[in-house]
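Values in this text are rule-based calculations from the coordinates and carry no lab data. This structure is a prediction, so every number in the text was calculated from the model and none was measured. Cβ placement follows ideal geometry from the backbone for every residue including glycine, while neighbour counts extend to all protein chains displayed.
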Amino acid sequence: MAQQSKITWTKVDPQGRVVIPVEVRNELGIEPGKAIGFLVEDGVVQLLTVSLGVKRAQEIAAKYIKREPGRSLVDEFIAERRAEAARE
């Protein structure tokens, strides 16, 4: 089932701050002190949680990574760092 779109309005205060409405915070799991990001594309601002930002970055990176069965990019990265450290 498609998610229903709903616009929730708020105002910018004189210091440029915006209060994120409780409905939006609840929907995105945003709690006090939690980092959020703003993505601006074609005049549209998207509010991103860190987990969504990571997911989007992984999707972008996946386009450039050749997947091979049994290959661990993490293991390769760690091995490269250890080799660099040994050379120092």
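Once a ≥ b ≥ c are taken as the square roots of the eigenvalues of the Cα gyration tensor of segment 41-88, is the result rounded (a/c under 1.5), prolate (a/b larger than b/c) or oblate (a/b not larger than b/c)? Cα axes put segment 41-88 in the prolate bin.
Summarising the label geometry, the points placed 7 Å from Cα in the beta-carbon direction at residue 80 and residue 39 lie 2.4 nm from one another. Each Lys or Arg adds one and each Asp or Glu takes one away; over the other residues whose Cβ falls under 13 Å from the Cβ of residue 61, this sums to +4.
Here segment 1-41 is treated with +1 on each Lys and Arg Cβ and -1 on each Asp and Glu Cβ, and its dipole about the Cα centre works out to around 80 debye. Rounded to the nearest 20 debye, the dipole size of the chain about its Cα centre is 80 debye, using +1 on the Cβ of Lys and Arg and -1 on the Cβ of Asp and Glu. With a cut-off of 14 Å between beta carbons, the residues surrounding residue 75 carry a summed charge of 0, where Lys and Arg count +1 and Asp and Glu -1. Only aspartates and glutamates eight or more places from residue 11 in sequence, or on another chain, were considered; those with a Cα closer than 19 Å are 23. Treating each Cα of the chain as an identical point scatterer and summing with the Debye formula, the log10 of I(q)/I(0) at q = 0.13, 0.23 Å⁻¹ comes to -0.71, -1.31. Which one, 33, 64, 22, is farthest towards the positive end of the dipole of segment 22-87 when Lys and Arg carry +1 and Asp and Glu -1 on their Cβ? The listed residue farthest towards the positive side: 64. For the chain, adding -39500 (n - 2.57) for each run of n ≥ 4 DSSP H residues and dividing by the number of residues yields -12000 deg cm²/dmol at 222 nm.
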